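Computed from the coordinates by the stated procedures, all read-outs in this text should not be read as laboratory data. The shown structure was predicted, so the numbers you read here are calculated from the model rather than taken from an experiment. As a convention, Cβ positions derive from the backbone with ideal geometry for all residues, glycine included, and neighbour counts pool all protein chains shown.
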Amino acid sequence: MHEITLKAMRFHSLVGILPHEREVPQPVEVDLTVSVESTSGVLDYARLYDAVAAVVAAGPTDYLEDIADRVATDVFGLSGRVSGVRVAVRKPHVALGGPLAYAEVVVNRPANA
C-alpha cells in the first residue's frame, strides 16, 4: 500500500452560511491523503489536485463537511485502486469570538464506506 499526500492546497471559495460568506470568497486549505495499491502503477497527482480544485470552485458551499465529503467521493471515482481517502478542510478566518487559528473538518473514508 502507498499513501499519496497533497498538503496545504490553498484556494479561495464561497463557503459558509452567513450572508458575507456567500458573497466574498474566503481562503480554504485542503490536505488530501489517498491510499492506493502499490502494485498497480501510479496515480497522477495532478488529477488529485484538479479533483480538489473542482470541488472547492463549485461553491457556494454551506459547510466544510460538504467540501470534504465531495472530495472523498470524487477521489474514489478517479481510480479503482484507491482503498482509502483522508480529507482535511480548513477555514482560517472564522469569527467565533476569540483567538482561533482555523476551523477544520476531517473525513476518513475506506473504499467500502
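Brief remarks on what is shown
- Remark: SER79 matches the filter, which requires a residue to be over 12 Å from the mean Cα position of the chain (by Cα), in contact (Cβ under 8 Å) with a residue 12 or more places away in the chain and in a loop (DSSP other than H, G, I, E, B).
- Yes/no for VAL106 being of a type in the set (A, V, I, L, M, F, W, C), in a helix (DSSP H, G or I) and under 21 Å from ALA58 (Cβ atoms): no
- Answer residue from the stretch 28-58, given it is surrounded by 14 or more Cβ atoms within 10 Å (Cβ to Cβ) and over 13 Å from the mean Cα position of the chain (by Cα) and is farthest from ARG10 (Cα to Cα) among those: GLU37
- Selection count, the stretch 9-64, where residues are without any contact (Cβ under 8 Å) to a residue 24 or more places away in the chain, part of a strand (DSSP E or B) and within 22 Å of ARG86 (Cβ to Cβ): 1
- Within the set VAL15, VAL107, the sole residue that is in contact with a Phe, Trp or Tyr (Cβ under 9 Å, 6 or more places away or on another chain) and surrounded by 15 or more Cβ atoms within 10 Å (Cβ to Cβ) turns out to be VAL15.
- Odd one out for VAL15 among (1) closer than 18 Å to LEU78 by Cα; (2) within 13 Å of the chain's Cα centre (by Cα): (1)
- First in the stretch 91-113 and under 17 Å from HIS12 (Cα atoms), second anywhere and surrounded by 10 or more Cβ atoms within 10 Å (Cβ to Cβ) and aromatic (Phe, Trp, Tyr), Cβ under 8 Å, 6 or more apart: LYS91/TYR102; PRO92/TYR102; VAL94/TYR102; VAL105/TYR63
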